[in-house]
Each structure stands twice: as structure tokens, then as C-alpha cells.
Amino acid sequence: MCQLLAMNCNVPTDIVFSFTGFAMRGGQTDTHHDGWGIAFFEGAGVRHFVDHQAAISSPVAELIKRYPIKSRNVIAHIRKATQGQVALENCHPFVRELWGRYWVFAHNGDLKDFNPVLTGSYRPVGCTDSERAFCYLLQELHARFGDAPPGLPQLHAALAELLPGIAAHGTFNMMLSSGDALFAHCSTSLHYLVRQHPFPTAKLSDNDLSVDFSQVTTPQDRVAVIVTQPLTTNESWTAFAPGELKLFVDGAVQQR
């Protein structure tokens, strides 16, 4: 199945180090070679890059590794196709508008017999179970809250009710963000860590690369990284429990 990567921070931060290791899994250290994508929130806008080529050989992926775009919320995905052909429209993350904000979604897994009735304005462009799940989620959230966006506690509670129904159809590891927070739901495999002062020197597991974060941060910085499988060999990653939904704000896990 696919690989997920997300970052949630209290200050705009670049994801070059993590993405460099992550991209290696797109055809070199793993077999996820059916496309990739990444989305960065910047204010009310989103920089969105997708490519149906393998991340390890994509010129667009090379651009991301060399261009330190800074953001407080980032979602990336490397695809190993289970439903839908290898094509640009089937590459995650997907982006839609709800309540006057962009929402970004990416999914790792395989949903069997998941064909919800989509009656509103949210319709898939491609033919993946993932995009159907995203459209269904936005449709149900809009039906529940109307045109007035809920607060994060209410949104968290609504997702906690909706996600198990989708996960009942198969594996549903997913990331969702509207730029002010990041939700991560685990079905089988997700891990996270929070980097904060005193910052470590981190070593990638997929590449011979290390970074001393104390040299490129301030003592006030805080960065949460969420990924399918740990990216570094010398940091303590925390595994999600199956069925767990976590909310990250300003680089920290929020308690319900």
C-alpha cells in the first residue's frame, strides 16, 4: 500500500529533510512507484504538486527536495496503486474547498465495496477509493454543520463518528488538514514524533543524511512529523493505536 507523510508546526518550517528520505521509498528503498504528491499550506492558499512518475525519478520531486518551501501544515503521499490506473488525476493528496478554505486529504489503504451516494457538489475526478472517501467526508461534514464551520473540538468529534464507518470497508490510514490543524487517523500503521528544544541531530533511515536541527531552529519552534513508517533511526517515534484519530495543532498533539 501507499506511504503517508505530514508535518504540523507552530512556525513555518521546510520539509526538505523528511521529504528527502520519504521520496526514496517511491521506487528505491520501497516499491511505491505509482505516483506521488505533496501540498503545502501558505496562508489561505495551497501549493499543490502531483506527478504520476515515481518519486525517486520525478523532476518535480527533485524540485521539492531543493526548494525549501516553508509551511505550518504539509501533507505528502507516495502511491502504490490498488484502485485506479496510474494517472495524474489519481495521485494524492487531493484538494477541495469547504467553508471558504482549502482542504487537503491523503489516504493509505484499500477500501472494498465503498460506494457512498454522493449527492452534493463533491464528486471524484479520478477513480480511486481514496478520492471517493474524501468527497464523502466533505459532503457529510457540510450536511452536519451547514455553511458555518465548526470549532476544532466539534470537527474532531464529527470525524471520530464518521471515520469508523469508512474504515469498516478496509484499511483507512489518512491525513486531513485545512491549514490550521492536522487530523491523522490510523487503521494499521502510523507513527509520529514531536521535535522541540533541545533539538536533536536526526539521521534518515532511507538515505545517508543527517541534520542537526539545533542549528536551523529557535528554542520556541515545535514540529510534529507523522508518517507511515519512521523516517529516522535515532529518534523515538510513537505508534498510533489501530482506530486512533489524533489532532495536531501548532506542532503538538491535542488532548480531547
Could you check the simple spin-label distance between Phe145 and Ala87, using points 7 Å along Cα→Cβ, in nm with one decimal?
3.2 nm
Return the subset of Lys65/Lys112; Lys70/Lys112; Lys70/Lys203 for which the Cα-Cα distance in this structure is over 27 Å, preserving the input order.
Lys65/Lys112; Lys70/Lys112
Taking amide hydrogens as modeled 1.01 Å from N in the peptide plane, which residues meet the under 5 Å criterion relative to Arg222, leaving out close sequence neighbours?
Asn10, Val11
Could you order Val249, Val11, Val74 so the one with the most accessible surface comes first? Probe is 1.4 Å.
Val11, Val249, Val74
Treating the Cα atoms of the range 123-256 as identical point scatterers in vacuum, please give the log10 of the normalised Debye intensity I(q)/I(0) at q = 0.10, 0.11, 0.21, 0.22 Å⁻¹, two decimals.
-0.41, -0.49, -1.27, -1.34
Protein chains only, probe 1.4 Å: how do His191, His48 rank by accessible area, largest first?
His48, His191
I'd like the accessible area for Glu89: 1.4 Å probe, protein heavy atoms, all chains in place, Å² to the nearest 10.
80 Å²
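The values are calculated or read from the model by the stated rules, or taken from the named source; none is laboratory data. All of these numbers come straight from a predicted model, not from anything done at the bench. FYI the Cβ positions are ideal-geometry reconstructions off the backbone, even for glycines, and counts take in every protein chain you see. Side chains included, ligands, DNA and RNA excluded: accessible areas come from the protein's heavy atoms. Shrake-Rupley method; radii C 1.70, N 1.55, O 1.52, S 1.80 Å.
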